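What follows draws every value from the coordinates through simple rules; no lab data is involved. Everything numeric here is computed off the predicted structure, so don't read it as measured data. Neighbour counts are summed over all protein chains in view; Cβ atoms, including those assigned to glycine, are modelled from backbone coordinates with ideal geometry.
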Ligand code: NAD
């Protein structure tokens, strides 16, 4: 892959960082709210003080990436998560009282659940949102009182190298460390005995990560991808739907885990959809190659993968419509790896574009007669990260939502459920396991420790379980089984 980080970090070096962090974590003892807030604020400095550098480096890593995308989808999203954690960490840390079964509460026993840091957490991130994928989970990991070692993506080598420089200026390596490298480093990284390991990336790699983590019984959070469908009901407002789908099919050139992957629409609405979508995309991007707002595909390999989907669909009989408003010459292009927008009409299941996560500005459009057929189609496939329903028909909405399982849902828009700190974010089945964002992330990266305090009075004596057993125990058992 072009521009990839070539230098690997040896396993021993990663193991040494983990050992240093664990020793420091244990020596620290209770991690106060003040310490957590200080770390969160320093992480915010690592983001905001260098935002112009990130904008430049991410664009260089991508070939071209609009400054607006980096500001909106990386800097703002990351700052939001860090500020949310700073604001709520004290409340999140509070132990919660629990009631006890009769008669323990009456006898003076007390119970609570105390969230405790997991310890040292490993974080492996992808390239598509280089800042968000690091800073958002980091916010909740630090709020939970953990130490963190980050392995950013090798496909954004300039940004990942800069992370190491920036974090080492504001954090000791025993608090936060950055380890750079590619697959070899990732493999060495995932085989370490972390107290928790979070991985964001492709499902196929997620399986390897979970396998490596299982050797150490390290708990994992896996944020994976998949094919997130759009279901357009008959009652949907066409213009609104077109604008929303087109916006996120092209933001970051569709390289978003939550991007609408393929669309399902009633057969008699298809042609109207194609016209309006084409017009909308052309209005959004009157030119693409010569437009800084139109983002590149991350590498030549990924651009070729996407071009391959189009070729394969064409060969297998799909009606392919390329949307290239300024009729630019993409074939003879530059190093920027840009790809024009495309619609694939009447795709069939044997086409690659219907089998693999697209991660690019290509939209297959399936048609249906009955919405039940779409529900069956979705249920026959791996559970997606997201599902999007457009329409005003509450009964139909209820059917689609209750009869399908996805990580999350946005109704009458796409992607937005993943942008709120107070909604748990995560996949299900093939799209991942575990949740983060806000309080749910705090819980994910904490250990929920049960603490029970017994009174002076012998509970065992009261219940009759101290030998020798007598009628007292039998009567107690009978009472409990009534
Ligand atoms: P990727 O799985 O190729 O890489 C992610 C990370 O895994 C990188 O740091 C990489 O070094 C490491 N890695 C790659 N191969 C490995 C191996 N064999 N063993 C161990 N580690 C390995 O993913 P990507 O191409 O960077 O990102 C695209 C994928 O990420 C898409 O599937 C997308 O849906 C998913 N994604 C999911 C979310 C989410 O929140 N659910 C967010 C962004 C991206």
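Whole Å is fine, so just give me how far the alpha carbon centre of the stretch 438-475 lies from that of the stretch 147-202. If we compute the Cα centre of each part, the gap is 41 Å.
Protection proxy ranking for 358-364, 398-404, 455-461, using the average of other Cβ atoms within 10 Å per residue and placing the highest first: 358-364, 398-404, 455-461. What the pair-distance distribution of the stretch 229-424 shows, using all Cα-Cα distances binned every 10 Å from zero, is 9, 37, 38, 14, 2, 0 percent.
Our note on the geometry: Cα centres of the stretch 280-297 and the stretch 55-129, 34 Å apart.
Measure nothing fancy, just the Cα-based angle from helix 471-481's long axis to the longest principal axis of the chain, in degrees from 0 to 90, nearest 10. Around 20 degrees separate the two axes.
Where does each of 120-126, 469-475 land if you order them by average Cβ count within 10 Å, highest first?
Averaged packing, sorted descending, gives the order 120-126, 469-475.
Residue ranges 313-324, 194-205 sort as 194-205, 313-324 when ordered by packing (mean number of other C-beta atoms within 10 Å per residue, highest first). Quick one: helix 33-48 against the long Cα principal axis of the chain, what's the angle to the nearest 10°, folded into 0 to 90? Tilt relative to the chain: about 10 degrees.
Against the main long axis of the alpha-carbon atoms of the chain, helix 77-93 sits at an angle near 10°.
One quarter of the convex hull surface, Cα atoms only: what value does that give for the stretch 392-443 in nm²? Taking a quarter of the hull surface, the average projection is 4.0 nm².
The stretch 402-423 and the stretch 16-53 have Cα centres lying 31 Å from one another.
Each 10 Å bin from 0 upward holds the following percent of the Cα-Cα pairs of the chain: 4, 18, 26, 22, 15, 8, 4, 2, 0, 0.
If you take the C-alpha gyration tensor of the stretch 327-482, multiply each eigenvalue by 5 and take the square root, what semi-axes do you get, largest first, in whole Å?
Values: eigenvalues 615, 98, 44 Å².
For the stretch 327-482, the ellipsoid semi-axes come out as 55, 22, 15 Å.
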